[in-house]
Amino acid sequence: MRLNYITLILLFLWATLAYSQDSVNVIPKTTTGDIDLNYLNGVKSDNLGLRASSAYYLGERKSEKAVIPLMEVLRSDTSSAARIMAALSLYKIGNERGIFAIKQAIQFDADEQVKKMCSILYQMYSVEKEKNK
């Protein structure tokens, strides 16, 4: 009788452990497209920190999908910090349209700090382009 009771407890513990191991492996896989989509949604957020960090990571990932949304941030975001981060990310991506947006911001942005950072980024791009010829 005592042996059956111990066997029953061991069987219960084994089933519990087996079930918990299976539940650990059910985590859905995240694709690159999902990651970029989340960052693209973050760029549209009302939260400045989320907008800026999403812009930063899109640049780190060199996401071509992000060029137009980042150009929009550079052109019209109310925060100069978000515009600077968008310019940095466009520079990292290296897309010609994004570089042109940086060049335009040098002339037309109202904030002197944004203009200065865009000027530095554009100069760095020009030097790298000359070096790679």
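Read-outs: derived from the displayed coordinates by stated rules, not from any lab. Just so we're clear, the structure is a prediction, and the values are computed from it rather than from any experiment. Here Cβ is always computed from backbone atoms with ideal geometry, including for glycine, and neighbour counts include all displayed protein chains.
From the list Leu50, Leu70, which one is more than 18 Å from Gln123 (Cβ to Cβ) and buried (at least 23 other Cβ atoms within 10 Å of the Cβ)?
Being more than 18 Å from Gln123 (Cβ to Cβ) and buried (at least 23 other Cβ atoms within 10 Å of the Cβ) holds for just one of Leu50, Leu70, which is Leu70.
What do you reckon, is Ala81 within 24 Å of Tyr125 (Cα to Cα), small (Gly, Ala, Ser) and under 10 Å from the mean Cα position of the chain (by Cα)?
The answer is no for Ala81.
Go through the range 88-97 and report how many residues are small (Gly, Ala, Ser), over 18 Å from Leu50 (Cβ atoms) and either crowded, with 23+ Cβ neighbours inside 10 Å or touching a Phe, Trp or Tyr at 6+ places or on another chain (Cβ under 7 Å) (or both).
Of all residues in the range 88-97, those small (Gly, Ala, Ser) come to 89, 94.
Now restrict to residues that are over 18 Å from Leu50 (Cβ atoms): 94.
Filter once more, keeping what is either crowded, with 23+ Cβ neighbours inside 10 Å or touching a Phe, Trp or Tyr at 6+ places or on another chain (Cβ under 7 Å) (or both): none.
Of the residues in that region, 0 qualify.
Which pairs turn up if I take residues in the range 116-132 that are touching a residue at least 24 places away in the same chain (Cβ under 8 Å) and at negative phi and look for partners that are among the small types (Gly, Ala, Ser) and not in a helix (DSSP H, G or I) with beta carbon separation below 9 Å, at least 6 apart in sequence or on another chain?
Tyr125/Gly94
Go through (1) in a helix (DSSP H, G or I); (2) over 20 Å from Val127 (Cβ atoms) one by one and return the number of the condition Ala87 breaks.
Just one mismatch for Ala87, condition (2).
Being closer than 20 Å to Gly33 by Cβ and touching a residue at least 12 places away in the same chain (Cβ under 8 Å): is that true of Lys65 here?
Taking the combined requirement at face value, the residue satisfies it.
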